[in-house]
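The values are calculated or read from the model by the stated rules, or taken from the named source; none is laboratory data. Note that the coordinates shown come from a computational prediction; the quantities given were computed from them, not determined experimentally. Glycine gets a Cβ as well: all are built from the backbone with ideal geometry, and neighbour counts include every protein chain shown.
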Ligand SMILES: Cc1ncc(COP(=O)(O)O)c(C=O)c1O
């Protein structure tokens, strides 16, 4: 009987597959020989493979533009990168090198925009979509950008009070978007998203505060289904509702030209991941086109704000197994050299799954394990995958010369922002080192350290010692 870990993967999935292969028995990720990186830098380590970012941007652009061309869609497509998915300069600047526009969500994000301007990475004609609830400091920062000449900034109203502020403080004109709240999925705890305005309030608000206001111009209708872009009745229903609202608003507003469908494009979270991007994009375009034809309004420009899709697949987080513990007849624990809760907080907080593969020992037999994090929290573990509620990994023999190394892949979005990379961590377990990998002009892999392992001193300082 074939009991090797390799056979398990070979029989369960197509392997090798895009981005994942074996070289001399060791796993490679986008052709990166991970074992060399581990030997060079040690573990744990986080890595970002920069070329993946541009590849994803090009992929989505091609899909939208082809779908639009083939259906005779007259609007344009605009790719905004949603900075909150990863604010790191190497990520945002790589996305900007591929011509993206930006979507931001807080006052400090405006400081980031100003820094990008100082570094010569953007010019004032870039489109910036400002989303999110707007406390006074965010309103002030947005107005500052508008008054400083960011001519394509669109501030998306989440609450009606924002309009009064812009009216009063903008020198010339503010380009406005309106976010309409979507209905949540039927199994969610709330009926309507707290983000955006109730559908029924949108047109009255437009008529009351924007229509005859010389300082405000409506350019965009925004909606975002938090649970992501899916081929479900729920998603298509919400999209249709938004397009109908767009049509009704368009009849009132000359300048309205953009429908922003937000983020939520999924990424590969398992080797068995199947999502037909081409079909979904074609359906999005055709749904918008059909609805616009029905209500007889010109098709809008389509904006997306893909965060996870842009940067998720560029990231990996690698640990080594420090010890194994057989806690009863059936429960084997692999104790790793960092905390899962703090390096992959989405796995703990919202049950997110990532591609999990060992870097070595593919020829060993496999068995079922639980992966345990270093913190003392009993929920610091990982023990299920997307395709089954178990984790299988190679047997880690005491006689093996090498430690067992484990990689969680496609971890590039949100994990650092939610865990607060470099801040205070549960049980003072430090943020791992962060390595950036790129291709040089000849196409050779080059790596550099962005941050070494967090020091005790950096934590003690924040803690006031
Ligand atoms: C308004 C808005 N746009 C875009 C995104 C990005 O979503 P994703 O990373 O799933 O593409 C988010 C995520 O929270 C969001 O709130």
Query raised in the report: So how many residues does the stretch 38-67 have that are out of contact with any strand residue (DSSP E or B) (no Cβ under 7 Å at 6 or more places or on another chain) and part of a helix (DSSP H, G or I)?
Result: 13
Report task. Could you check residue 378 against (1) more than 16 Å from the ligand (Cβ to nearest atom); (2) within 30 Å of residue 13 (Cβ to Cβ) and say which number it fails? Result -> (2)
Requested in this report: Search the stretch 182-201 for residues being more than 16 Å from the ligand (Cβ to nearest atom) and exposed (fewer than 14 other Cβ atoms within 10 Å of the Cβ), and hand back the single one that is nearest to residue 132 (Cα to Cα).
Outcome: 198
Query raised in the report: Any chance the stretch 393-409 includes a residue that's part of a loop (DSSP other than H, G, I, E, B) and within 16 Å of the ligand (Cβ to nearest atom)?
Result: no
Report task. Scan the stretch 369-384 residue by residue and report those that are assigned to a loop (DSSP other than H, G, I, E, B) and either touching a helix residue (DSSP H, G or I) at 6+ places or on another chain (Cβ under 8 Å) or in contact (Cβ under 8 Å) with a residue 24 or more places away in the chain (or both). Result -> 369, 373, 374, 375, 376, 377, 379, 380, 384
**Report entry** Members of the stretch 1-36 that are part of a helix (DSSP H, G or I) and farther than 20 Å from residue 393 by Cβ
**Finding:** 36
Query raised in the report: For the stretch 320-331, does any single residue satisfy the condition of being on the phi > 0 side of the Ramachandran plot and in contact with a strand residue (DSSP E or B) (Cβ under 7 Å, 6 or more places away or on another chain)?
Result: no
Query raised in the report: Residues of the stretch 18-40 being at pLDDT 95 or above and closer than 29 Å to residue 96 by Cα, which ones?
Result: 19, 20, 28, 29, 30, 31, 32, 33, 34, 37
Query raised in the report: Pick from the stretch 202-259 the residues that are farther than 24 Å from residue 188 by Cα, touching a helix residue (DSSP H, G or I) at 6+ places or on another chain (Cβ under 7 Å) and assigned to a loop (DSSP other than H, G, I, E, B): which of them is nearest to the ligand (Cβ to nearest atom)?
Result: 256
Report task. Return yes when residue 385 is modelled with pLDDT under 95, on the phi < 0 side of the Ramachandran plot and either touching a strand residue (DSSP E or B) at 6+ places or on another chain (Cβ under 9 Å) or not assigned by TED's automatic domain parsing to the domain that holds residue 41 (or both) and no when it is not. Result -> yes
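Here's the yes/no breakdown for (1) away from the ligand (no atom under 16 Å from the Cβ); (2) surrounded by 19 or more Cβ atoms within 10 Å (Cβ to Cβ); (3) farther than 30 Å from residue 221 by Cβ; (4) without any contact (Cβ under 8 Å) to a residue 40 or more places away in the chain:
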| position | (1), (2), (3), (4) |
| --- | --- |
| 263 | no, yes, no, no |
| 279 | yes, no, no, no |
| 289 | yes, yes, no, no |
| 300 | yes, yes, no, no |
| 314 | no, yes, yes, no |
| 327 | yes, no, yes, yes |
| 330 | yes, no, yes, yes |
